[in-house]
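Note sheet for the following structure.
The values are calculated or read from the model by the stated rules, or taken from the named source; none is laboratory data. Because the structure is predicted, anything quoted here is derived from the model rather than measured. Here the Cβ positions follow ideal geometry from the backbone for every residue, glycine too, while neighbour counts run over all protein chains shown. Keep in mind that these areas ignore ligands, DNA and RNA; they rest on the heavy atoms of the full protein, side chains included. Shrake-Rupley method; radii C 1.70, N 1.55, O 1.52, S 1.80 Å.
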Amino acid sequence: MATINVYTETTPNPATMKFLVNKLLINGSVDYPDQEKAQASPFARELFKFNFVNGVFFASNFVTVTKTEDAEWSDIEALLKEFVKGAVESELKVQEVVADENVSFEGTETEIKIQQVLHDYVRPAVEQDGGAIAYKSFDNGIVTVELRGSCSGCPSSTITLKAGIEGLLKRMVPDVEEVVAEAM
């Protein structure tokens, strides 16, 4: 068995930290913003047993953990790194049932173009910061997206949304006038 290495990266959201491993954990991404939603994930269920874990997000080769306000990363980072290493080594499942991750876009020509831009250009950048973005709708020039993982509640997500995502979509899809985030 190959040695599992875990390293951490801070994210723009001070309440979240990215725990990266040298192994694919999941194709795509899945967000467990609370303990109740984590019931479908043995890995997330175990993380929520720590009283300082407030949210868990998985994508490709990392898990992003959101801590409670009273916890300090200096107190919990090493413990979480050890836990993630052990969980990956013991092949603790991220999901009980794996959803098919075939990418397909639906809707009008404009909606499909928006989804394609989000998938090809925005998703990789957002995942670098430990988060995810999901297309929700397009109505009267307004694109609605959902921000998950470290992006949910991040102080800089509004700047990312307006300066980055909205600017890109306006350039690439002329029908787009505004991008808004739906609260989770």
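Counting only residues that are modelled with pLDDT under 85 and among the charged types (D, E, K, R), segment 94-116 holds 3 of them. Residues of segment 121-144 being open to solvent by less than 60 Å² (accessible area, probe 1.4 Å) and of a type in the set (S, T, N, Q), which ones? Selection gives S137, T144. L147 satisfies every condition listed in (1) aliphatic (A, V, I, L, M); (2) open to solvent by 60 Å² or more (accessible area, probe 1.4 Å); (3) touching a helix residue (DSSP H, G or I) at 6+ places or on another chain (Cβ under 6 Å) except (2).
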